[in-house]
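Every number here is computed from the coordinates shown, using simple stated rules; none is lab data. Keep in mind the model is a prediction, meaning the values are calculated, not measured. Every residue, glycine as well, gets a Cβ built from its backbone with ideal geometry; the counts of neighbours run over all protein chains shown.
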């Protein structure tokens, strides 16, 4: 019974998502909202503002520098967590 | 668990390969400005060169060159460099991680100061990624004992 309920819920959620697909912009169209907000500014001005020819690096390290800082902090935390879980004193 | 085994072919190949891998890791870091690359990728390549060493030779030889204390210190040094640059920009009167302010202490204009600021923080990322990868690897292969397995300390 519980299993059937779960399957029914999953199918209902799938139908809702499929219904939502209709409102998404077509694949590969350049004037969709996601491409109009900050992307043109990055494409036009990142070289003049940062001097970095690689746009991805400019966005990663400069415009979204805080994001990358905490990405690095996540890797650091992972290393410390492995150390905490596995490291044991030598007998 | 690893057990030491002499193999002349693997050792010779690693001896030749490791310096090239390290140079390539540094190339990926330095060339992150112009092509795909950067601290995360370069750090992984750099870590792979260090991980080859305990695989080809024994763990004690590796730990003699790269003590555990030093690995953990390097883990935090990278994050420290990154956050330190952020705070330095704050101290020089800009926003957090606003590398343009670094032109006050670097002999370049603000645009190139951003260029070099990115280079410095990518170096920090590379150091952290490299040290964390090596640390996780050493901890996993030895089960946290940092010692090669023999039959008596296996239980």
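Give the average, rounded to an integer, of partner chain Cβ atoms located within 10 angstrom of each Cβ in A:62-73.
Details: counts 9, 1, 1, 12, 4, 0, 9, 10, 3, 6, 16, 5.
Across the residues of A:62-73, the mean count of other-chain Cβ atoms within 10 Å is 6.
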- line: Put in order of increasing Cβ neighbours within 10 Å, starting from the fewest, B:135, A:35, B:103 give A:35, B:103, B:135
- prompt: What list do you get for B:20, A:76, B:57, A:70 if you sort them by fewest beta carbons within 10 Å?
  reply: B:20, A:70, B:57, A:76
query: How much space per residue, in cubic angstrom, does the convex hull of the C-alpha atoms of the range A:2-86 take up?
result: 181 Å³
field: Modelled FRET efficiency - R0 51 Å, residue B:95 with residue A:29, Cβ distances, 0.05 increments
entry: 0.90
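How big is D for chain B, in µm² s⁻¹ as a whole number, if Stokes-Einstein is applied with the Kirkwood radius of its Cα pairs at 20 °C and 1.002 mPa s?
Working: Rh = 17.3 Å.
For the chosen part, D equals 124 µm²/s.
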field: Of A:68, A:50, A:77, the one that fluctuates the most in a GNM where chain A has Cα springs shorter than 10 Å
entry: A:77
field: Residue-averaged [θ]222 nm for the protein assembly as shown, counting only DSSP H segments that reach four residues, each worth -39500 (n - 2.57)
entry: -22500 deg cm²/dmol
task: Beyond 19 Å, what share of the Cα-Cα pairs of the range A:37-91 is found? Please give it as a whole percent.
output: 50 percent
- line: So, for the Cα atoms of the protein assembly as shown, Rg and Dmax in Å stand at 23.6, 73
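Return B:147, B:64, A:45 ranked ascending by Cβ neighbour count within 10 Å, so the fewest neighbours appear first. Present the calculation step by step, with values, prior to reporting the outcome.
On the way: B:147 15, B:64 8, A:45 11.
Final ranking by Cβ density, sparse to dense: B:64, A:45, B:147.
Could you work out the relative contact order of the range B:42-123? I mean the mean sequence separation of Cα pairs under 8 Å and 6+ apart, divided by the number of residues, in percent. If you can, show how the numbers build up before the last one.
Values: 57 pairs, mean separation 14.0, N = 82.
For the range B:42-123, the relative contact order is 17 percent.
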message: With a cut-off of 8 Å between alpha carbons and a minimum separation of six or more residues, what is the relative contact order of chain B in percent?
response: 30 percent
